[in-house]
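Structure first, then comments.
The values are calculated or read from the model by the stated rules, or taken from the named source; none is laboratory data. All of these numbers come straight from a predicted model, not from anything done at the bench. Cβ placement follows ideal geometry from the backbone for every residue including glycine, while neighbour counts extend to all protein chains displayed.
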Amino acid sequence: MTIYDIAKMAGVSASSVSRVVNGKPGVNRATREKIQALLKEHNYVPDTNARNLVTQSNRTIGILTDDIDTLHQVEGCHRVEYELMRNGYYCFVKYIGHGPDAIETAMLDLARHRVEGAVCLGSAFRDARKVTRAVEHHLPNTPVVMVHNTLTFPRPNIYSVGADEVAGIQSCVDYLTSRGRRQMLLVINENRVSGALIRSAFESAVKRYPHVHSTVYTGVPVSVDGGESFALRMLREQPDTDSIICANDLIAIGVLNILKEQGIQVPQQISLMGENNSSFCETCRPRLTSLDTMVSMSSIMAARTLLDVLEGREPSHHVTLQMTIVERGTT
């Protein structure tokens, strides 16, 4: 069924049917209602490819990610995709891997698909030099938005939306100190790209409290088992610990399991915090206090930033959100 068939049945021109299909003016009310009834009766579906040829637009957005295993990364992709698709765009997600040319190759692939915009999630995109070069080579006039990324990029078509992790970690130290904690640990997961940044933020915050003693552990596997193994080690090496900040919720849940097994009361004896504010926080008992890294919000805002650009508005090139502590039973 084409617009020509509908036009013949309605006794009008094909251009009149086209105006109705596309929601444009120029058709009187009675004729519009007649055409709409025929469209509904015959289950007419517009030919998107034909429309794209006319408008020179394919309404396609490429979503790039370097991680398809981490829960909050997958959630970020879903948030971006949903926000764009409900505004009439088609999205595809591409895993870029971790090779030295991963970003360059991914941007080239997006250019070949003639995408109208791109959204990038993952630690790989924190290399501003590589990102800028790849966009300059392959997508010089295409809006590209970085998610959960606080970098400022030199190209005018690159935007970023992220959260202040330094302030977030420091707020955790302030929070625990205000509750009288004096023996504090920071646990950083293995292969954490921002590990050095987190450690520096933690140590800087602790310096403001001369009475607080601190220790940093790194390289802990991101799993409940990893958290459990760490907790057994921690209890041997740091038996006076009264507060723990884990840079991942799964690690924190593993720590919580061991503390409970050992008869250590949480939060009475040890306060425990995670990071990401994932759905896992509600599955353990007591429920886990966690630093919300704002991945969901930054993903939605990144999608809306891209929509603003595509629809002719002028969004900010750089947005920084503040992380928040979601207080539950472990503190």
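Within the stretch 290-331, the set of residues being acidic (Asp, Glu) and more than 22 Å from Glu83 (Cα to Cα) comprises Glu327 only.
Filtering the stretch 191-207 to residues that are surrounded by 13 or more Cβ atoms within 10 Å (Cβ to Cβ) and either charged (D, E, K, R) or in contact with a Pro (Cβ under 8 Å, 6 or more places away or on another chain) (or both) leaves Arg192, Arg199, Glu203.
Considering the stretch 97-119, and only residues there that are at pLDDT below 95 and within 19 Å of the chain's Cα centre (by Cα), the residue that is surrounded by the most Cβ atoms within 10 Å (Cβ to Cβ) turns out to be Gly97. Listed here are the strands (runs of 3 or more DSSP E) enclosed by the stretch 213-331 that have at least 2 residues being farther than 25 Å from Ser160 by Cβ, free of Cβ contacts under 8 Å to residues at least 40 places away in the same chain and of a type in the set (Val, Ile, Thr): 213-220.
Residue-level check: of (1) buried (at least 17 other Cβ atoms within 10 Å of the Cβ); (2) farther than 24 Å from Gly180 by Cα; (3) among the acidic types (Asp, Glu), Glu314 misses just (1).
Of the residues making up the stretch 18-45, those that are under 21 Å from Gly88 (Cα atoms) and either aliphatic (A, V, I, L, M) or over 41 Å from the mean Cα position of the chain (by Cα) (or both) are Val20, Val21, Leu39, Val45. For the stretch 77-123, the set of residues classified as under 17 Å from Asn157 (Cβ atoms), in a loop (DSSP other than H, G, I, E, B) and of a type in the set (D, E, K, R) consists of Arg114, Glu116, listed by residue number.
Checking each residue in the stretch 89-117 for being in contact with a strand residue (DSSP E or B) (Cβ under 6 Å, 6 or more places away or on another chain) and of a type in the set (Gly, Ala, Ser) picks out Ala106, Gly117.
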